[in-house]
1. Go through the stretch 53-61 residue by residue and turn each phi into a ³J(HN,Hα) via Karplus (6.51, -1.76, 1.60, θ = phi - 60°); whole Hz please, and just put x for glycine and proline.
2. How much FRET efficiency would the formula 1/(1 + (r/R0)^6) give for Glu47 and Ile14, where r is the Cβ-Cβ distance and R0 is 41 Å, rounded to 0.05?
3. Taking the Cα-to-Cβ direction at Leu54 and at Lys94 and moving 7 Å from each Cα, how far apart do the two end points lie in nm?
4. Pop out the ³J(HN,Hα) list for the stretch 5-12 in order, Karplus 6.51 cos²θ - 1.76 cosθ + 1.60 with θ = phi - 60°, rounded to Hz; leave Gly and Pro as x.
5. Using a Förster radius of 22 Å, what is the FRET efficiency between Thr105 and Leu68 based on their Cβ-Cβ separation? Nearest 0.05, please.
Amino acid sequence: MDASFVVTWKELLIAGIIVLAVYIAELLLLMSSGKPIGFGFWRRRAENRELAELKNRLAALEIRLARLEESGDSADTLGEIASNSYGKAFSLAKQGMDVAQVAATCGISRSEAELIVAMQRNHLH
């Protein structure tokens, strides 16, 4: 039982050509079937996932915007509150109230109150 298995270069070359021919035939078959191949398929999947995530985020932002609009917190009302606070601060400064009292009464920062009091003093002089 001394059977030895020997592969020659010629047989190895023929086997390589057959494998290559099968691979090319498979590639041509996939291309003709219209199915996506290669990295394009994976890229489209990733893009679809990202698109779905962006749609979810957009929906959440739309809900949040609707809630804010329903609550009445618009820029106009916030601006009115701010202008009322500053108007009150100017009138208190005109009455001679000091910086700490103006800031505490109107709910503004100390630096804002200092600016308003200083402006009022310059206006009087």
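Bear in mind these aren't lab numbers, they're just calculated from the coordinates by the rules spelled out. Source: prediction; values computed, not measured. Glycine also receives a Cβ, built like all others from the backbone with ideal geometry; neighbour counts cover every protein chain displayed.
1. 5, 5, 5, 5, 5, 5, 4, 5, 5
2. 0.40
3. 5.4
4. Per residue, the Karplus-derived 3J(HN,Hα) values read 9, 10, 10, 8, 4, 5, 5, 5 Hz.
5. Working: r = 29 Å, r/R0 = 1.32.
Computed FRET efficiency for Thr105 and Leu68 comes out at 0.15.
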